[in-house]
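The values are calculated or read from the model by the stated rules, or taken from the named source; none is laboratory data. Owing to the predicted nature of the structure, the values given are computational and were not obtained by experimental measurement. Please note: Cβ atoms are built from the backbone with ideal geometry, for glycine as well, and neighbour counts cover all protein chains shown.
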Amino acid sequence: MNETFSSALLNSLWQGTLLTSAVWLVLRRQTRCSAATRLAIWQLTLAVVLLLPALRQLPLKRWFEVAIPAAPAPVRQQAPSSLTADFEAALPTQSRPLVELPSEDPVEVLVAFAVLLALFQLLRLAIAYFTLRRWKKKSKLTSHKPPLPLARPVTVRVSSRITMPMAVGYRRPAILLPEAMASDLTPDQLHQVLLHESAHLERGDDWATLGERLVRAVFAFHPAVYWIGRQLDREREMACDDWVVAHSGATKPYAEALARVAELSLVERAPILAAGAGRRKEIFVRLEALLDSARNRMPSASHPLVLGAGLLLLFAVSQSTPYSHLLGFGGYRIRHLVTDDQTRREFKLRGDIDFTADDQDVAHMTPGSKLVIVAGDRWLPRQIEIEAGPNGEISRLYFSGGIRQPYDKEAERFLGRELSTWLRNEPINLSDRLSRWLTAGGPEGALREIRTVGNDHTKRLYLEELLLRVSPTEELLRRTLRIASEINSDSEKRTFLADTARRFRGLEGPVLGFVDTLNSDHDRRTMLIEMAAELPPAMLTRFAASVSRINSDHDRAEILLKVLGPSAESLGPLLAVVPGIGSDHDKARVLKRAIDIYVDAPPVRASFFGALDAISTDHERREVLQKLLHRPALSPESLAAVAAAAKRLSSEHDRHLVLNELSALPSMPDVSRETR
């Protein structure tokens with residue numbers, strides 16, 4: 001049974017609720033079942049409800065599954081009579097869902113709501129946890145001890161912040177008593193209350209409650225989980241009541257103590273993480289059950305009954321699989337929709353389907369699989385439904401304008417045309433399809449077919465597969481790059497070039513043109529930096545042009561900082577990019593990096609000082625000039641260029657700083673005299 005996430009999620013809601021209702025009805029009639037046994041069964045039911053989508057896939061024999069035959073294929077040579085057509089339309093094709101989801105969109109909204117609800121409930125749990133810690137920390141230790149020796153060390157404390165007794169775990173468990181109640185209860189009543197709270201800690205109810213609350217918080221949207229949580233709280237308290245009676249041997253004193261606690265409790269809402277803190281209304285229900293002499297009061301669960309209940313639950317879930325699918329929600333694994341003002345094409349698929357080699361028909365479908373193709377305008381759409389029954393038999397339905405028509409030659413032509421159009425945009429049977437294109441038209445014909453593919457991911461896969469199949473010429477590689485540049489997705493373009501980069505060595509110009517088609521400056525920056533390592537000197541001017549086409553000043557500067565090389569051939573063309581950078585800070589960063597590898601040659605000097613003059617901020621220009629003066633062995637021409645650039649500074653302070661440093665050099669006496 002193939003289910004999408006959406007159908008599995010929605011089916012688990014109503015199926016879990018139905019299963020929970022069945023368990024509740026059964027346990028309601030089992031009056032001789034102890035509270036501890038019912039508690040264990042409810043815990044088991046909670047686990048089954050949470051794992052329901054996975055448990056429905058168990059490979060167990062469906063004893064009660066009825067195979068529903070597929071509708072027989074109509075005779076194509078002869079159109080059936082109206083009576084025959086009506087009879088065939090009335091036949092069930094196979095066990096199809098009651099509601100079929102067209103897409104995942106509604107479920108995504110539900111999932112977002114469920115996540116927000118879960119976060120809110122988890123926040124409530126966190127607040128409750130720290131509240132209990134604060135209460136325990138502020139409470140006072142008493143001389144009272146637990147009535148019975150327990151497996152864990154437990155202290156008894158009193159607090160003025162609470163109004164009902166409670167057991168507080170986890171690593172340092174304690175029994176908290178209301179300060180007023182501790183003095184109002186008689187010693188025997190206090191003994192009974194401590195015995196009840198000790199039962200919670202001895203049974204590990206503090207940890208069990210924490211785990212159940214976490215589950216209820218995460219699955220707060222699930223009605224069955226909420227209902228089971230309420231039953232767990234009630235049965236846990238009643239199981240502890242039975243534990244107290246079993247250890248004390250008397251029901252009446254404990255009932256009197258319980259009634260007194262209900263009388264003294266002032267609030268109706270109990271802390272959500274405290275074990276043993278029940279509401280007054282629930283205490284009265286427990287009193288009624290406690291005084292029922294016919295009730296089973298065994299303090300421990302019946303293992304045979306719990307094991308039998310677990311096996312029965314698994315059996316019921318596995319046997320209900322075909323019927324739950326029949327009544328539930330079905331989703332499509334793939335949904336592709338193309339629409340404009342006149343026409344609409346929709347393709348929906350679930351399950352596993354194999355197509356014929358010519359993409360004209362369906363070859364094989366797993367049971368429960370379905371393919372729906374809709375095409376046409378809104379007034380007269382045509383639709384084909386191909387579905388596999390429980391035994392894998394395939395049925396075909398053809399509709400025109402919403403009216404069922406015979407599945408004839410016209411239906412076959414419609415299926416072949418629409419199916420081939422859709423499949424060429426999907427990676428299904430991609431290799432076989434490319435082989436047919438290569439056989440029919442060679443590499444050039446295959447490229448013509450690939451160019452018509454509208455899906456970016458599929459188009460990339462076609463191009464990569466083509467380059468693996470053939471030994472491409474330079475012209476074919478150029479055409480391949482041009483088709484790849486028509487892909488809209490930057491991610492697919494990056495992946496294509498990364499997977500096929502070795503094929504395009506020697507074609508750096510077309511590759512740079514391909515990089516220029518990327519929309520993201522960051523992606524272009526990354527690819528240009530990767531290309532620069534193996535770029536021949538003759539392509540530096542073309543490379544600089546690609547850098548100049550980047551919109552982001554920061555990205556342009558980062559490329560130059562990474563790829564500037566210690567040669568006149570690389571510095572000159574790359575420094576010519578700097579004036580186009582809008583940020584003075586980024587310009588200065590690049591020029592300071594260029595000084596570290598500065599080559600004192602006329603082309604580099606002209607590019608460097610041309611870029612320097614493009615900086616409008618005197619402060620940035622002055623810092624670049626000062627760093628250049630610290631570079632040893634500058635030629636007189638470079639020093640003269642520094643002096644000329646310094647004189648063009650508007651700020652007198654910055655100008656004098658540069659000229660003073662320049663005058664300190666022994667080779668510049670004229671500048672020294674000018675500055676004085």
Which one of the conditions (1) among the charged types (D, E, K, R); (2) in a helix (DSSP H, G or I); (3) under 30 Å from ASP432 (Cβ atoms); (4) touching a residue at least 24 places away in the same chain (Cβ under 8 Å) does GLU486 fail to meet, given that it meets all the rest?
(2)
Residue satisfying condition, being surrounded by fewer than 21 Cβ atoms within 10 Å (Cβ to Cβ), in contact with a helix residue (DSSP H, G or I) (Cβ under 8 Å, 6 or more places away or on another chain), at pLDDT below 90 and not in a loop (DSSP other than H, G, I, E, B), within set VAL115, VAL107
VAL107
Selection from region 413-430 of residues that are outside any loop (DSSP other than H, G, I, E, B) and touching a strand residue (DSSP E or B) at 6+ places or on another chain (Cβ under 9 Å)
PHE414, LEU415, ARG417, GLU418, LEU419, THR421, TRP422, LEU423
Under the condition of being β-branched (Val, Ile, Thr) and either surrounded by 23 or more Cβ atoms within 10 Å (Cβ to Cβ) or closer than 15 Å to VAL225 by Cβ (or both), which residue from region 8-39 is farthest from the chain's Cα centre (by Cα)?
THR37
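If you check ALA167, ALA255, ALA259, ALA246, which single one turns out to be under 22 Å from VAL285 (Cα atoms), touching a strand residue (DSSP E or B) at 6+ places or on another chain (Cβ under 7 Å) and of a type in the set (A, V, I, L, M, F, W, C)?
It is ALA167.
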All positions within region 284-321 that are modelled with pLDDT under 85, part of a helix (DSSP H, G or I) and within 44 Å of the chain's Cα centre (by Cα)
LEU314, PHE315, ALA316, VAL317, SER318, GLN319, THR321
Hey, can you tell me all the residues within region 201-234 that are in contact (Cβ under 8 Å) with a residue 60 or more places away in the chain and more than 27 Å from PHE120 (Cβ to Cβ)?
LEU201
With respect to ALA588, is the statement that it is closer than 21 Å to SER651 by Cα and of a type outside the set (Val, Ile, Thr) true?
yes
So, in region 159-174, of the ones that are out of contact with any His (no Cβ under 9 Å at 6 or more places or on another chain) and either in a strand (DSSP E or B) or basic (Lys, Arg) (or both), which residue ends up farthest from ALA259 (Cα to Cα)?
ARG171
Scan region 163-174 for residues that are in contact (Cβ under 8 Å) with a residue 40 or more places away in the chain and buried (at least 21 other Cβ atoms within 10 Å of the Cβ) and jot them down.
MET164, PRO165, MET166, ALA167, VAL168, GLY169
Within region 401-440, track down each residue that is among the polar types (S, T, N, Q) and either at pLDDT below 90 or under 37 Å from the mean Cα position of the chain (by Cα) (or both).
SER420, THR421, ASN425, ASN429, SER431, SER435
Give the residues of region 488-506 that are touching a Lys or Arg at 6+ places or on another chain (Cβ under 7 Å) and either under 13 Å from MET531 (Cβ atoms) or surrounded by 17 or more Cβ atoms within 10 Å (Cβ to Cβ) (or both), sorted by residue number.
GLU492, PHE496
Inside region 528-600, counting only helices (runs of 4 or more DSSP H) that do not spill past its ends, which hold 1 or more residues that are without any contact (Cβ under 8 Å) to a residue 40 or more places away in the chain and over 23 Å from PHE514 (Cα atoms)?
568-575, 584-596
Scan region 175-207 residue by residue and report those that are surrounded by fewer than 22 Cβ atoms within 10 Å (Cβ to Cβ) and not in a helix (DSSP H, G or I).
LEU185, THR186, ARG203, GLY204
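This table checks each residue for (1) modelled with pLDDT under 90; (2) surrounded by 14 or more Cβ atoms within 10 Å (Cβ to Cβ).
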| site | (1), (2) |
| --- | --- |
| PRO602 | yes, no |
| SER607 | yes, yes |
| LEU612 | no, yes |
| ARG622 | no, yes |
| GLN626 | no, yes |
| LEU634 | yes, yes |
| LYS647 | no, no |
| LEU665 | yes, yes |
